[in-house]
Amino acid sequence: MMETDSDLRKQFGDAQNLHALTSLLPEKEDRAFATGKLLEFKQARRKEKHTISYKHIIGYAAAVCVAVLSTWMIMSRDTEVLPEAAPLIAYAEFATPSGQRAKVKLPDGTTVWLNARSVLRYPSQFTGGVRKVELNGEAFFEVSRDEKKPFVVSTEKLDIKVLGTEFNVFAYKGRNEFHTSLVEGSVKIYDSRDEAHALFIKPNERVDLVGDKLRKSSFDSMDFLLWREGIYAFDDVTFNEIIKKLELYYDVNIVVKNTKLDTYKFSGKFRQRDGVESVLRTLQKVKRFSFVKDEELNRITIR
């Protein structure tokens, strides 16, 4: 039957992959557990009345197995044998696709909003004297206060340490732009290699990384936080800067042939869900230009 049923062959291959993954785990009990579950899958597959999708079950089980295996590899990277008392901490990654946003609740009660194409990595539980997460992208943090256990956001360029506060961080990997805006409380911004030389900011203050120096400024409008509600707000921003944000948020390549537009400034609010082409059509009403999108190349050309 397997020789003539391509779908069954595929599922059997997935099951083999699952068994191979479990064989890499260090505990014999894990392998025995996974093998038992595999036999259950095979027996259930023979029952025609069973309505569950085994393709999804096996895929989910394999994903869990990979997560456990990855955690073990991280914990045992520097030592061949784990100390008996060493806790095994799993890490989760929460990611948002282009043109979307999401909210996640951390184990300590902290709430995090993630903007488009952002990734937050955090432990399943915070142990030790610090609550540390890793961010690639833009996020707004509402940190649950704990004076005995500071909260640290680690990014590609700088780290931010707080006790309990609300702040926004823009820190996409591979981009020169980095800034932090404080809404409530206080934050400490520093290079992880030199925490002694840190910069503190107060509510309604923002810090930008310019070259290798931190520059502090103040703000009154909270419109830049409207992205949490699905609205992108631009206030007297150059066309070139808007284009860079649209490329980032919507994961599209935009080529501007009309260089006269680069320094022209725009103000406006745009709904995230309407998409990049809707934003461009709105901008066309202020300054004349044309654009065409190549779906195959995922590229927009502006003339």
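A short reminder: the numbers here are calculations on the coordinates, not readings from a lab. None of the values given here were measured: they were computed from a predicted structure. As a convention, Cβ positions derive from the backbone with ideal geometry for all residues, glycine included, and neighbour counts pool all protein chains shown.
Calculate, in whole percent, how much of the Cα-Cα pair population of segment 231-302 lies beyond 14 Å. Taking all Cα-Cα pairs of segment 231-302, the fraction more than 14 Å apart is 56 percent.
Between K285 and K103, the simple spin-label model (points 7 angstrom out along Cα→Cβ) gives 3.0 nm.
Computed from the Cα positions only, the extents of segment 91-218 along the three principal axes stand at 37, 33, 27 Å, in decreasing order.
With θ taken as phi - 60° and the Karplus curve 6.51 cos²θ - 1.76 cosθ + 1.60 applied, the whole-hertz 3J(HN,Hα) list for segment 166-181 is 10, 7, 10, 10, 10, 7, 7, 4, x, 10, 6, 6, 8, 7, 10, 10 Hz, x standing for glycine and proline. For N176 and T111, the difference between the fully extended length at 0.36 nm per residue and the C-alpha to C-alpha distance is 20.7 nm. Backbone amide hydrogens, once placed in the peptide plane, bring A102 within less than 5 Å of L114, excluding anything fewer than 5 places away on its chain. FRET efficiency for the pair K188 and R271, taken as 1/(1 + (r/R0)^6) with r the Cβ-Cβ distance and R0 = 30 Å, rounds to 0.30.
Amide hydrogen proximity for S144: with H placed 1.01 Å from N in the peptide plane, the residues at 5 or more positions away or on another chain lying under 5 Å are T110, T111.
Among H197, H179, a tally of other beta-carbon atoms within 10 Å of each Cβ gives an order, fewest to most, of H197, H179. Both numbers refer to the Cα atoms of segment 167-250; Rg and Dmax are 13.8, 39 Å.
What's the FRET efficiency of K202 with V119 using the Cβ-Cβ distance as r and R₀ = 45 Å, to the nearest 0.05? Don't skip to the end; give the middle numbers.
Working: r = 29 Å, r/R0 = 0.64.
Step by step, r from the Cβ atoms, then E = 0.95.
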